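See below for the structure under consideration.
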Amino acid sequence: MKGTPDEPMCGFSRAAIQVLQVNGVENINGVNCLEDPEVREGIKEFSNWPTIPQIYINREFIGGFDILLEMHKSGELEALLIKEKIINPTESK
């Protein structure tokens, strides 16, 4: 992401954090790609995804903010977070 979970430095990074928080995610780990140009370019090559932020859940690449938002709207994100034991069904909205 650009910035950190506590201090996002772009609108998409901020929105990604907000979507995760709305879904009950409390422990969000972020890597500030602005601190290292090699990380910024390397993550794009690693995932074969051109944009940042990139969302990983339990080390599995999910996609960028656009994918995260669609998953949120469809309910797929909540189901995945429950399946991966990141949130409890009772914590979900």
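The values are calculated or read from the model by the stated rules, or taken from the named source; none is laboratory data. Given the structure is predicted, the values throughout are model-derived calculations rather than measurements. Methodologically, a virtual Cβ is constructed for each residue, glycine included, from the backbone with ideal geometry; neighbour enumeration extends over all protein chains shown. Accessible surface areas use protein heavy atoms only, side chains included; no ligands, DNA or RNA. Shrake-Rupley method; radii C 1.70, N 1.55, O 1.52, S 1.80 Å.
Structure data summary
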| quantity | calculated |
| --- | --- |
| Cα convex hull volume per residue for the chain (Å³) | 87 |
| Cα-based convex hull, the stretch 45-85, per residue volume (Å³, whole number) | 58 |
| Amide hydrogen neighbours beyond the local backbone of Tyr56, cut-off 5 Å, H modeled | Ile62 |
| Square roots of five times the Cα gyration tensor eigenvalues for the stretch 1-50, Å | 21, 12, 9 |
| Total formal charge among the other residues, if their Cβ is under 15 angstrom from that of Arg59, Lys/Arg +1 and Asp/Glu -1 | 0 |
| Residue-span extension gain [Leu34 to Asn58] - 0.36 nm each, minus C-alpha spacing | 6.4 nm |
| Count, lysine Cα pairs under 16 Å in the chain, 8 or more residues apart or across chains | 4 |
| Length released on extending from Asn48 to Val22, taking residue separation times 0.36 nm less the Cα-Cα span | 6.6 nm |
| Sulfur and carbon atoms: percent of accessible area, the chain [1.4 Å] | 50 |
